[in-house]
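FYI, it's all coordinate maths here, none of it is from the lab. Computed from a predicted structure; not experimentally measured. Note: ideal-geometry Cβ built from the backbone for every residue, glycine included; neighbour counts use all protein chains shown.
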Amino acid sequence: MPIIDPTLPPDHDEGSRPLERQTWPAIARGLRLRCPACGEGALLRGYLTPIPACSHCGEPFGHFRTDDIAPWLTILVVGHVVVPFALWSEQTFSPPLSVSMTLWPLIAAAGMALFLPRAKGATLGLMWSKRLTGEESQ
């Protein structure tokens, strides 16, 4: 069992190299709106605002900038789920236009409202696992 140096941050080893962060568990924790580091603390305050630091492990999250990736991912996922069902129902049931024009936008809006915070959490989890901040340039 290695001896842990209390002066080093929790994600560093004794050689002061950052330890490997696993990507998929971090994304899964973010989808559950939990801290990607420990999986215990909340990740967002309110609807989309990242917390400054995890209340359980103290990992900072206020510096991450996800910008447009969460809305883009939300539109991509919800669109690919709702549109096939809308097309299928049109071909199978041929509902009146007023029903289609009311039902499908409401379902899409509800799906977006439910998925957007989870997309933000998954994005924060991915960025945390790759040690990104959103300030990177190519």
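Here's the yes/no breakdown for (1) assigned to a loop (DSSP other than H, G, I, E, B); (2) over 16 Å from A26 (Cβ atoms); (3) among the acidic types (D, E):
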residue	(1), (2), (3)
Y47	yes, yes, no
W72	no, yes, no
V83	no, yes, no
T92	no, yes, no
S98	no, yes, no
G125	no, no, no
W128	no, no, no
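Might you let me know whether the stretch 79-92 holds any residue that is surrounded by 11 or more Cβ atoms within 10 Å (Cβ to Cβ), within 30 Å of Q22 (Cβ to Cβ) and of a type outside the set (D, E, K, R)?
Checked against the condition, which is being surrounded by 11 or more Cβ atoms within 10 Å (Cβ to Cβ), within 30 Å of Q22 (Cβ to Cβ) and of a type outside the set (D, E, K, R), the stretch 79-92 yields at least one hit.
So P96 clears everything in (1) more than 30 Å from G39 (Cα to Cα); (2) surrounded by 12 or more Cβ atoms within 10 Å (Cβ to Cβ) except one condition, right? Which one?
(2)
So E90 ticks every box in (1) free of Cβ contacts under 8 Å to residues at least 60 places away in the same chain; (2) among the charged types (D, E, K, R); (3) under 30 Å from L33 (Cβ atoms) but one. Which box is left unticked?
With respect to (1) free of Cβ contacts under 8 Å to residues at least 60 places away in the same chain; (2) among the charged types (D, E, K, R); (3) under 30 Å from L33 (Cβ atoms), E90 is out only on (3).
Go through the stretch 27-45 and count every residue that is surrounded by 21 or more Cβ atoms within 10 Å (Cβ to Cβ) and assigned to a loop (DSSP other than H, G, I, E, B).
The number of residues fulfilling the criteria is 4.
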